[in-house]
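Below is one structure, written out as structure tokens, with a few remarks after it.
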Amino acid sequence: MESTMSIKKPTIDIESTAALAETFRGDLIRPRDEAYDEARRVWNAMVDKHPAVIARCASAADVIGAVEFANERDVPVSVHGGGHSVVGRIAGDDGLLIDLARMNSIRVDPTTATARVEPGVGLDELARETHAFGFETPVGYNATTGVAGLTLGGGFSWLSRKYGVTIDNLLSADIVTADGDLVHASETDNEGLFGRLQCGENVSLVTSFNFQLPRRESPTDRRDVSRTARRRIQYNDPSNNNS
């Protein structure tokens, strides 16, 4: 007689998500919620995944809570930053999707020529902000790409011949590890982890990037925007007939 063994998938029930919601500042989006279909959508429309819960984080504390929640229940985790993964790896079925889109602040320090950038920031947003202070941004070609995925994948840009790839300009990062610990990584703090980030290893969740910014050589016009930002404006302008 043949016997079969069924493997029970880990589940996320309403009661468990209610417990997470008690300390969660962001939004917990479930399949029954009106915002669910829009929240699970990724850039590649051919990817159609249905996570059990989408945790749209508002802070590093939310990220820690989401990771701990997933660890306690042994559920698979996927991460949404800018949402531009061509192959759709930022989404998965039945598990927990940690959405970092709301974490989108940019803080430029003109004195140190650095920018602290959260993972939900788009490249056009970063370019606009840094150009206003007279700095370049060695980031990618596509305005809709997120800074997190680009940086952790290396990040080739218009300026790479002069300033290297995007990850070369990363000074430090705040990271939530797979165990749910928040750590700071740089060439002097947790340098092993920082080195793994620089080598493109997907080892953790970055909640903040600290970039060195090269100064623009030409005079800065505050009305000016980057080539990346101009391109996005051009593509989104309904009066533009170029395709």
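The values are calculated or read from the model by the stated rules, or taken from the named source; none is laboratory data. None of the values given here were measured: they were computed from a predicted structure. No Cβ is skipped: glycine too gets one built from the backbone with ideal geometry, and neighbour counts run over all protein chains shown.
Assorted remarks:
- Identity of the residue in segment 51-66, farther than 13 Å from residue 100 by Cα and aliphatic (A, V, I, L, M), that ends up modelled with the highest pLDDT: 53
- Contacts under 7 angstrom Cβ, first residue in segment 100-115 being in contact (Cβ under 8 Å) with a residue 60 or more places away in the chain, partner of a type in the set (Asp, Glu) and outside any loop (DSSP other than H, G, I, E, B), 6 or more apart: 108/129
- Counted residues, segment 50-67 - those being surrounded by fewer than 17 Cβ atoms within 10 Å (Cβ to Cβ), over 13 Å from the mean Cα position of the chain (by Cα) and not in a helix (DSSP H, G or I): 1
The rows are residues; the columns are (1) crowded, with 16+ Cβ neighbours inside 10 Å; (2) hydrophobic (A, V, I, L, M, F, W, C); (3) not assigned by TED's automatic domain parsing to the domain that holds residue 30.
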{"position": "77", "(1), (2), (3)": "yes, yes, no"}
{"position": "113", "(1), (2), (3)": "yes, yes, yes"}
{"position": "119", "(1), (2), (3)": "yes, no, yes"}
{"position": "131", "(1), (2), (3)": "yes, no, yes"}
{"position": "163", "(1), (2), (3)": "yes, no, yes"}
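- Hits in segment 109-128 - residues which are assigned to a helix (DSSP H, G or I) and out of contact with any Phe, Trp or Tyr (no Cβ under 9 Å at 6 or more places or on another chain): 124, 125, 127, 128
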